[in-house]
Structure formats: C-alpha cells, structure tokens
Amino acid sequence: MIELQHVYFSYERGPYLLEDINLTIRNGDYISIVGENGSGKSTLVRLLLGLLSPVRGRIIRDFSRIAYVPQRFETLNSQFPITVGEVLNCYRKVLKIKEKNCVGRYLDLVKMGGFRESLMGNLSGGQCQKVLIARALMGQPDLLILDEPSTGIDVKSQSEIYPFIKQLNTERGITVVTVEHNLKAAVCNSTRMYHVFQRRGHLCSPEEYIREYVSVNTGSETYV
C-alpha cells in the first residue's frame with residue numbers, strides 16, 4: 001500500500017503544483033493516472049517513488065519492492081552501442097542477482113528472447129518498451145509504475161504490451177500504476193483511475209471517469 005494524505009507540493013517555494021492530494025494504492029490495484037499535459041501527473045509519480053518530498057502532508061509506503069519504467073525516450077541514447085542483453089546484465093549486477101541465466105528468462109517473458117544480441121538503438125519503440133519492462137521485472141517488484149507506456153509505440157505493439165501489463169496485474173499479483181495519455185487503454189485496463197485536474201485529484205472507477213469527465217468534453221479529455 002501507498003497512501004498519500006493531504007499532500008501539497010511545490011518547487012522552491014513557488015505556487016503549488018499539487019494541492020490536498022489524497023490517494024490510497026492498494027495491493028492488487030491497477031490505477032491509471034490521467035489528466036491534461038502539465039497537470040502534475042509526472043510530479044505525482046515522483047512523489048510516489050520517493051524522488052520528491054511533499055511540502056505538506058505525508059506519504060506512507062508499505063510496498064517492499066517498487067520498479068519504475070520510464071518513457072522510452074527518457075532512458076535511451078540510440079547512438080550508444082549497447083545490446084539488449086548488456087542492458088539487462090548490467091541491471092542484474094546492480095541488483096546483485098547471481099543467476100546469470102535470469103537475463104534470458106526475463107527476455108523470454110516479454111517475448112524478446114531472440115533480441116539479446118541486438119543493439120538497443122536498432123529496436124522499435126515497442127521492442128524497447130518490452131526490454132524496459134523486462135529490466136524492471138528483474139527486481140521482482142510488488143508495485144510496477146510506468147510513465148506513459150504507449151508513447152512512441154505503434155498500435156500493434158500497444159496491443160501486445162497492455163495485455164501483458166494486465167496479465168502481470170491479474171495473474172502475478174503485481175500492483176500497477178501508469179501515467180496515461182492513452183485514455184482507451186486506461187479505461188479498458190484499470191481497476192481505478194486517478195484524474196488530476198487543477199492541481200487536485202479525484203479517484204474513480206473507469207465507468208465514473210467516462211460519465212463525469214469524457215462526456216462533458218473537458219478540454220483535451222477525449223476517449224478514443
């Protein structure tokens with residue numbers, strides 16, 4: 001569980017970016033954080049990860065292992081000559097995992113076993129995202145946080161990645177939190193949604209989100 005209680009956040013005593021945020025993430029949840037660009041979704045994720053501290057309020061964390069999958073372009077230098085296997089093997093060493101064969105096992109899990117010797121810079125967006133998910137799973141997380149997992153990824157790859165994320169949630173019991181601009185994926189996969197709007201947040205079911213926000217066409221909130 002992670003619980004945010006009346007959390008406020010601002011940078012360097014500036015205006016609040018988030019105000020009175022209350023959110024409880026329970027074991028087994030699949031929560032999509034949605035909202036307009038600049039609404040504070042990424043800031044909220046950094047608070048969840050412990051990379052930022054609230055100005056006011058408190059955050060209680062009860063997950064023992066949290067893994068983060070950033071947006072593809074945040075972590076990839078396409079010119080750096082590193083292979084898929086080397087990326088995972090480096091992370092294996094960081095985690096101090098002695099089993100060398102685990103690299104192949106996690107690549108097989110995301111159906112990327114045949115790409116171990118491929119350069120990361122030569123992968124498609126969807127392939128790269130699968131590698132990043134495999135890397136995150138090496139830590140055997142009980143909470144997996146993904147930042148806009150469909151950014152820069154073609155429709156076919158999205159149709160493979162989202163069912164896999166859902167499978168991690170329903171079959172492996174991994175709690176999932178995603179920052180989403182893909183509202184169709186959020187509505188179809190989430191157990192609950194957290195809508196960030198005008199510095200505040202509202203937790204609701206996917207059905208409530210469609211009824212309360214999409215139907216009134218609030219700016220960029222469009223369901224496809």
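Considered as a group, the residues in segment 109-124 that are within 21 Å of the chain's Cα centre (by Cα) and part of a helix (DSSP H, G or I) include one that is farthest from THR151 (Cα to Cα), and that residue is LEU109. Restricting the first member to segment 12-37 and to residues that are in a strand (DSSP E or B), and the second to residues that are surrounded by 15 or more Cβ atoms within 10 Å (Cβ to Cβ) and small (Gly, Ala, Ser), the beta-carbon pairs closer than 6 Å and six or more apart or on different chains are LEU18/GLY40; ILE21/GLY201; TYR30/SER190; SER32/ALA186; SER32/SER190; VAL34/ALA186. From the list ARG116, ARG92, ARG135, ARG61, the one residue that fits, being among the charged types (D, E, K, R), farther than 30 Å from MET1 by Cβ and surrounded by 14 or more Cβ atoms within 10 Å (Cβ to Cβ), is ARG116.
Please go through segment 38-52 and give me each residue that is closer than 25 Å to ALA185 by Cβ and touching a residue at least 12 places away in the same chain (Cβ under 8 Å), ordered by number. Within segment 38-52, SER39, GLY40, LYS41, SER42, THR43, LEU44, VAL45, LEU47, LEU48, LEU49 meet the criteria. For segment 142-156, the condition holds for at least one residue, the condition being that it is surrounded by fewer than 20 Cβ atoms within 10 Å (Cβ to Cβ), within 21 Å of VAL87 (Cα to Cα) and among the polar types (S, T, N, Q). Contact annotation: residue pairs with Cβ atoms under 6 Å, 6 or more positions apart or on different chains, pairing a residue in segment 171-185 that is touching a residue at least 24 places away in the same chain (Cβ under 8 Å) and charged (D, E, K, R) with a partner that is surrounded by 20 or more Cβ atoms within 10 Å (Cβ to Cβ) and assigned to a strand (DSSP E or B), are GLU180/SER32; GLU180/VAL34. Scanning segment 23-54 for residues that are closer than 17 Å to TYR209 by Cβ and polar (S, T, N, Q), we see that the one that is modelled with the lowest pLDDT is SER39.
The values are calculated or read from the model by the stated rules, or taken from the named source; none is laboratory data. Values in this document were obtained by computation on a predicted structure and should not be read as measured data. Neighbour counts run over all protein chains shown; Cβ positions are idealised from the backbone, glycine included.
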